[in-house]
1. State, to one decimal in nm, how far the label point of D77 lies from the label point of R123, with both points 7 Å from Cα in the Cβ direction.
2. How large is ³J(HN,Hα) for each residue in the stretch 159-176, as worked out from phi by the Karplus curve 6.51 cos²θ - 1.76 cosθ + 1.60 (θ = phi - 60°), to whole Hz, x for Gly and Pro?
3. So what's the angle, to the nearest 10 degrees on a 0 to 90 scale, between helix 178-192 and the longest Cα principal axis of the chain?
4. Which value in deg cm²/dmol, rounded to the nearest 500, describes the helix-derived mean residue ellipticity at 222 nm for the chain, given -39,500 (n - 2.57) per DSSP H run of n ≥ 4 and division by the residue count?
5. To make sure I understand, if each residue's beta carbon is the centre and we count other beta carbons within 10 Å, what order do M59, M85, M95 fall in, fewest to most?
6. Using a basic spin-label model with each label point 7 Å from the Cα along Cα→Cβ, how many nm lie between V15 and K152?
7. Pull up the cross-link candidates among the aspartates and glutamates for K173, meaning alpha carbon to alpha carbon under 20 Å and not fewer than 8 places away within one chain.
8. A110 to A183: extension gain in nm, 0.36 nm per residue of separation minus the Cα-Cα distance?
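Laboratory data are not the source of any read-out in this text; all were calculated from the coordinates shown. Keep in mind that this is a model prediction, so the values were computed, not measured. When we count neighbours, we look across all protein chains shown, and the Cβ atoms used for this are built from the backbone with ideal geometry, even at glycine.
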Amino acid sequence: MREIRVLLADDHPMVREGLRASLDGEEGIVIVGDVSNGQEALTLAAEIKPDVVMMDISMPVMNGLEAAKHFKEQQPDIRVLILSMHEDRGYIMKMVQFGVAGYVLKDVAAEELVLAIQTVHHRGTYFSSGASSILFSQMGLSEEAPAAKISKREETVLALIAEGLCNKDIARKLDLSVRTVEAHRQNIKKKLKITTSAGLIRYALDNGLAEA
């Protein structure tokens, strides 16, 4: 089988060196480059076409949040795996919206990093246990089953919500009024018994209306 080609992006040289030392010897994985910020990651990835970009969030010039959004728009075939110390749900939810394939906290063992890389490379998603518990806790989901199925139009609106679009952008994209979009959003929440935007995003991901 062809080796999984991985590009590392972290602004700390010692972290990059440590990741190289941990991963370069793993069978089936090869580190094809390392950079110190998101802009360098985008530029080098366009040249060398890695399978997976593993990057931090806090980086100079262009941070991981911005870079993830650009990867989704410009190089969607490259799988983005976040390796970060940030345990904030807001960061994780933004990364999900921007299409990352996985989010791993920096305290995981090398074996789990390998598993994460393999999983996202094979078109799966991977969230370490710490990231998963943060992502799916207090999401505003009811324990009851949804009261009713949403309409096709509401599914379309929900998919755009999961992409991170605001009501104004959704209205423009679907040629609707902002008030109509807001009404759809409220109806979706009522039907699915979901009270938060984070909960709506999770529902969209779990039901195939959006891609992680």
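1. Label-label distance for D77 and R123, simple model: 1.4 nm.
2. So the J values, rounded to whole Hz, are 4, 6, 4, 5, 7, x, 7, 7, 4, 4, 5, 5, 4, 5, 5, 9, 6, 10.
3. Here the helix axis deviates by roughly 80 degrees.
4. Numbers: 10 runs with 106 residues, N = 212.
Dividing the helical sum by the residues of the chain leaves -15000 deg cm²/dmol.
5. Details: M59 23, M85 10, M95 26.
Lowest count first: M85, M59, M95.
6. Here the modelled spin labels are 4.6 nm apart.
7. Of all the aspartates and glutamates, those that pass the test against K173 - Cα under 20 Å, at least 8 places apart if same chain - are E73, E154, E155, E163, E182, E211.
8. Details: separation 73, 0.36 × 73 = 26.28 nm, distance 4.72 nm.
Result for the pair: 21.6 nm of gain on full extension.
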